[in-house]
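Beneath this line is the structure, given in structure tokens, with notes to follow.
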Amino acid sequence: MVALLCFVLAVLTAPLKSKSRLEAENAALRHQLIVLRRKVQGRVWLTNNDRWFLDSATSLVSVDPAGPHDHPSRDTCALASCRVSQLLALEIASAGTQIETDLRALIRQMSMENPLWGAPRIHGELLKLGFEVAQSSVAKYMVKRRGPPSQGWRTFLRNHAPDIAAMDLFVVPTIGFDLLYAFVIVRLDRRVLVWINVTTNPTAEWIARQLTEAFPWDEAPRYLIRDRDRIYGSIVTRRIRALGIRDKPTAPASPWQNSFAERLIGSTQRECVDHFIVFGEAHLRRLLRTYARYYNDIRTHRSLDKDAPVSRPVQRVGSINSHAILGGLHHHYVRV
């Protein structure tokens, strides 16, 4: 509103202005354009030299060296002061809109991405990025947390996935209505199916032996996730500790905490077991080991950017052949 009023007054009084006043105002306008062209990321910065020049321009309009007949009126001084006020208001408005919005978003981003950082640390990063902002403002716009920053389960898995494995059991009925138990171990970082085996009578001794065969001394993970099934008794926990693995049982009634093993079991059932009639232990073991080779070496995973757990090379040259897997339930396409 102030800027519009100054513009209207300038238009109305333009025919009455003297040459010296016009030259002073033209100089002020030219300098205003220079300041606007110098703006960085939408913000207009006024230096001390800019303020000195605008002050001098106002003085030139207020003092008349030619005599009393060419002396400007108080309206002229007001117009010149209005030019200065307009430019200062432009600086303040620009500083308070776009840059302030961007800066608020950046402060929130930093506080969300770095839950261990407080206002002093974020303020230091902003200073290194060229932002002149008070630490109190940083504290004001940070994301508010109800409790102390702590690592969640998802963050823990992401940070330690290369050192984590998970194991679980699932049941498969046979044609004679007997129950077989399949035991699987999966590494979390590349979803590699490390071990799969079948038994009719799972015991703690059998589980402990599977762990020993699955993890040679130089390939054992640091953590092993499991549920609280009673089959994982003292024999299993002692074997886990002997392998240098930290036992990580899930909370009661929380299968989602062992989601990688649960997802693997679901894929195995949907893509293999549900499509066959199992005749016995040897038959199921053969099916599962064939599926394990397909799962590790061929099957692409969305979580791995459409790559296999054991990374497949990209083939661009040659004719395409298909190879049936599990009797044609799946196929492998290669170039030869």
**Asked** Does Pro221 qualify as being within 20 Å of Phe156 (Cα to Cα), free of Cβ contacts under 8 Å to residues at least 40 places away in the same chain, touching a helix residue (DSSP H, G or I) at 6+ places or on another chain (Cβ under 8 Å) and not hydrophobic (A, V, I, L, M, F, W, C)?
**Response** no
**Item:** Residues of region 269-318 satisfying the condition of being of a type in the set (Gly, Ala, Ser) and in contact with a His (Cβ under 9 Å, 6 or more places away or on another chain)
**Value:** Ala308
**Asked** Taking region 272-289 as the region of interest, how many residues are under 17 Å from His331 (Cβ atoms) and touching a strand residue (DSSP E or B) at 6+ places or on another chain (Cβ under 7 Å)?
**Response** 0
**Request:** Given the conditions (1) out of contact with any Phe, Trp or Tyr (no Cβ under 9 Å at 6 or more places or on another chain); (2) closer than 30 Å to Asp229 by Cβ; (3) surrounded by 17 or more Cβ atoms within 10 Å (Cβ to Cβ); (4) modelled with pLDDT under 90, report the number of the one that Asn159 does not fulfil.
**Result:** (3)
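Condition check ((1) farther than 16 Å from Gly233 by Cβ; (2) charged (D, E, K, R); (3) not assigned by TED's automatic domain parsing to the domain that holds Leu243) across all residues:
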site	(1), (2), (3)
Val184	yes, no, no
Arg187	yes, yes, no
Arg191	yes, yes, no
Trp195	yes, no, no
Val198	yes, no, no
Thr203	no, no, no
Ile207	no, no, no
Phe215	yes, no, no
Asp218	yes, yes, no
**Request:** Within region 250-281, work out how many residues are free of Cβ contacts under 8 Å to residues at least 60 places away in the same chain and of a type outside the set (Ser, Thr, Tyr).
**Result:** 13
**Request:** State yes or no: is Asp247 touching a residue at least 60 places away in the same chain (Cβ under 8 Å) and within 16 Å of Asp168 (Cβ to Cβ)?
**Result:** no
**Prompt:** Exactly one of (1) modelled with pLDDT of 95 or more; (2) in contact with a strand residue (DSSP E or B) (Cβ under 7 Å, 6 or more places away or on another chain) is unmet by Arg293. Its number?
**Reply:** (2)
**Message:** I'd like the full set of residues that are over 33 Å from the mean Cα position of the chain (by Cα) and either in a loop (DSSP other than H, G, I, E, B) or free of Cβ contacts under 8 Å to residues at least 24 places away in the same chain (or both), limited to region 303-325.
**Reply:** Val317, Gly318, Ser319, Ile320, Asn321, Ser322, His323, Ala324
**Request:** Looking at (1) closer than 19 Å to Arg191 by Cβ; (2) modelled with pLDDT under 95, find the lone condition where Ser254 falls short.
**Result:** (1)
**Prompt:** How do the pairs read when you match residues in region 99-121 that are within 12 Å of Val138 (Cα to Cα) with residues anywhere that are of a type in the set (Val, Ile, Thr) and surrounded by 15 or more Cβ atoms within 10 Å (Cβ to Cβ), using Cβ under 7 Å and keeping only pairs 6 or more apart or on different chains?
**Reply:** Leu103/Val133; Ile107/Ile122; Ile107/Val138; Met110/Ile122; Ser111/Ile122; Ala119/Val138
**Request:** Please report, ordered by residue number, the strands (runs of 3 or more DSSP E) entirely within region 171-268 with at least 3 residues that are of a type in the set (Val, Ile, Thr) and surrounded by 12 or more Cβ atoms within 10 Å (Cβ to Cβ).
**Result:** 179-187, 193-199
**Test for Asn201: is it farther than 21 Å from Ile277 by Cβ and of a type outside the set (Lys, Arg)** = yes
**Complete:** Considering region 277-290, residues that are among the hydrophobic types (A, V, I, L, M, F, W, C) and buried (at least 16 other Cβ atoms within 10 Å of the Cβ), and then whichever is farthest from the chain's Cα centre (by Cα), we arrive at Val278
**Message:** I'd like to know if region 269-290 contains one or more residues that are of a type in the set (Ser, Thr, Tyr) and either in contact with a helix residue (DSSP H, G or I) (Cβ under 6 Å, 6 or more places away or on another chain) or in a loop (DSSP other than H, G, I, E, B) (or both).
**Reply:** no
**Message:** For a quick check of your reading of the model, give me the residue pairs whose first member lies in region 200-211 and is without any contact (Cβ under 8 Å) to a residue 60 or more places away in the chain, whose second is assigned to a helix (DSSP H, G or I) and buried (at least 17 other Cβ atoms within 10 Å of the Cβ), with beta-carbon atoms closer than 7 Å and at least 6 apart or on different chains.
**Reply:** Ala204/Val236; Ile207/Val236; Ala208/Val236; Ala208/Arg239; Leu211/Arg239; Leu211/Ile240
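The values are calculated or read from the model by the stated rules, or taken from the named source; none is laboratory data. The structure presented is a predicted model; accordingly, all values stated were derived computationally and were not measured. All Cβ positions, glycine included, derive from the backbone under ideal geometry; neighbour counts span all protein chains shown.
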